[in-house]
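A quick write-up on the structure given underneath.
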There are 2 protein chains.
Amino acid sequence: MADQRLVRGARTRHKIARHGVDVASLEGLNGLSIGRLAADLELSKSGIQTLFKTKENLQLAVAESAREEFIKAVVRPAQNAQPGIARLRALTERWISYIEAPLFAGGCFWAASLPDFDSRPGKVRDALLFHRRTWLALLAGELHRAVDTGEIAQLDMDLTLFQIDAVLNAANTALRLGESDAASKVRRAVDGLLVPPH
Amino acid sequence: MADQRLVRGARTRHKIARHGVDVASLEGLNGLSIGRLAADLELSKSGIQTLFKTKENLQLAVAESAREEFIKAVVRPAQNAQPGIARLRALTERWISYIEAPLFAGGCFWAASLPDFDSRPGKVRDALLFHRRTWLALLAGELHRAVDTGEIAQLDMDLTLFQIDAVLNAANTALRLGESDAASKVRRAVDGLLVPPH
């Protein structure tokens, strides 16, 4: 009986956190309230409070849920592509689908949540930053590989990563604002950054 | 007496809206509450309510205040530079100062506010978009001039604007997160986009 309760609790936690990602992608992680989640999911506020204890715990569970979904939708499928440029392109294509489809109701979860937390040190900001850094490290790995195997010319790694990250985030904003050619701009911008070796 | 009251009302409105920009740059325009403004400025909530009537009116006044400050700090000083590349660089340098100084407590007001409103049609979103479009049109004007006078080679105007806007916004996020080399990256990225004519 106790085991079944634990399983049910874990499922409910998971469902709440996943819905929290959708709300946060629209309103920012700080716009997320237990009251809103309770109303949307027809649960009691006290039930949600029992499961997560604090608002910070809820925000951390939501950030973790976003990360799991992102890995499933963007990172893992791209691993089927050859390392280097092919995989870098697969990652950016999957990222474009992630915001075009979109995976979360309001587009990119981190683009919506980072502005609320970038000035607010703490565990939530750390969790959001951890995602940002592992994502950039993933792109960096494929770029390094592409340079090492001679697929592309030497490049300023930090600057190129900054520019790829910048156009991906700009495309998220543009798509949210109905500027439908953003995906094509990302592709052209990334193409322009990857110069063939002499 | 009635005139003095009007003047005093206008001054208070201005002060509230300007402080609202600082709060919104930290929390997003949607995180702005009359209660918070009243507490910060030691005014009564009912007084603020009388001046702005609705939350939407308050948000519009805050967006307008942000725009005025931005024009004073970024747009107008750059008009002293020669039209074309010199003025484009002056605009991006002023923009960098705008987020480095920063002019508003939490960095770029629009970067903090657009994610809250990009999915929410209405007057506030229109005001935020108006700013975005006039800013991009301003940069476009200088780029066109630079191409027409042969300062730089022909370029894909929409794509270049998208990329300049993208790196400026990325620098705002990076600076908020303590990545202090963001300004240098913006400069190098913009330099890379402006190719001398053959």
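Quick notes on this one:
- Test for B:Ala189: is it closer than 18 Å to A:Ala170 by Cβ and modelled with pLDDT of 95 or more: yes
- Criterion: over 25 Å from A:Asn172 (Cβ atoms), away from chain A (no Cβ under 14 Å), surrounded by 15 or more Cβ atoms within 10 Å (Cβ to Cβ) and free of Cβ contacts under 8 Å to residues at least 24 places away in the same chain - qualifying residue of B:Ala81, B:Ala101, B:Ala73, B:Ala61: B:Ala81
- Test for B:Arg188: is it touching a helix residue (DSSP H, G or I) at 6+ places or on another chain (Cβ under 6 Å), without any contact (Cβ under 8 Å) to a residue 12 or more places away in the chain and surrounded by fewer than 20 Cβ atoms within 10 Å (Cβ to Cβ): yes
- Single residue of A:Leu114, A:Leu161, A:Leu91 found to be facing chain B (nearest Cβ under 9 Å) and either part of a helix (DSSP H, G or I) or surrounded by fewer than 17 Cβ atoms within 10 Å (Cβ to Cβ) (or both): A:Leu114
- Looking only at the range B:118-140, residues that are in a helix (DSSP H, G or I), more than 9 Å from chain A (Cβ to nearest Cβ) and either free of Cβ contacts under 8 Å to residues at least 40 places away in the same chain or not small (Gly, Ala, Ser) (or both) come to 14 in all.
- Looking only at the range A:1-44, residues that are buried (at least 20 other Cβ atoms within 10 Å of the Cβ) and part of a loop (DSSP other than H, G, I, E, B) come to 2 in all.
- Subset of the range B:176-192 (residues that are over 15 Å from A:Met157 (Cα atoms) and either more than 9 Å from every other protein chain (Cβ to nearest Cβ) or part of a loop (DSSP other than H, G, I, E, B) (or both)): B:Leu177, B:Gly178, B:Glu179, B:Ser180, B:Ala183, B:Arg187, B:Val190, B:Asp191
The values are calculated or read from the model by the stated rules, or taken from the named source; none is laboratory data. Computed from a predicted structure; not experimentally measured. As a convention, Cβ positions derive from the backbone with ideal geometry for all residues, glycine included, and neighbour counts pool all protein chains shown.
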